[in-house]
1. So if each residue of separation counts as 0.36 nm, and I subtract the Cα-Cα distance between Glu143 and Ser6, what length gain in nm does that give?
2. Working out 0.36 nm times the residue gap between Glu135 and Phe36, then minus their Cα-Cα distance, what length gain in nm do you get to one decimal?
3. Any of Lys11/Lys38; Lys38/Lys99; Lys11/Lys99; Lys11/Lys58 with alpha carbons more than 28 Å apart? Name them for me.
Amino acid sequence: FRQLLSLIEEKSGGINAIIHGAGEYYGKSNKNRQDFEKSIITKRNSFFELYRFYRERKLDFVLNFSSISAYTGLPRMPDYSANNEFVNGFSSYWNERSKYPVKSIMWSLWSDVGIMRDSAKNIKQLGLKGISNEEGVQVFLQELNSLSEENPNVLLSAPSMLKFSMNQL
């Protein structure tokens, strides 16, 4: 991974920002230890390597994609929830030690893409609204344009989904 980062920097003239969203999804009901570990390792290792490689370099920002599931959980997906809470916590840690903003963006359900898109019909039956691709891009760009080192964890959610999630805690 470090060799790849070095090659990208060499070919492109440098990297000035990071948007990290790596992860693996194992939502099956009979998840075994290997599935759980692979999910954790994929997210954690890529995150640590980025931190080790860039912590002493000057970047404009680092944005890490997370999920509201870090707080609400998801059935059969404790690894996914744990991964996202790791991203939130380590983003705060990195942000405190950097001269540039490091944030985790905790997304709620996207209705058009992502691991929960197949549940969109069930979500609508509950009277909830996920984030559409168009809305997601819009709020992401708004967040990108207002970056600061304050509030390292940012929640982006449709209001109905946020209310539902908060009632589930």
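Where a number appears in this text, it was derived from the coordinates with a stated rule and is not lab data. Since the structure is predicted, the reported quantities are computational estimates derived from the model, not experimental observations.
1. Full extension from Glu143 to Ser6 adds 46.5 nm.
2. Separation in residues times 0.36 nm, less the Cα-Cα distance, equals 32.5 nm.
3. Result: Lys11/Lys38; Lys38/Lys99 exceed 28 Å.
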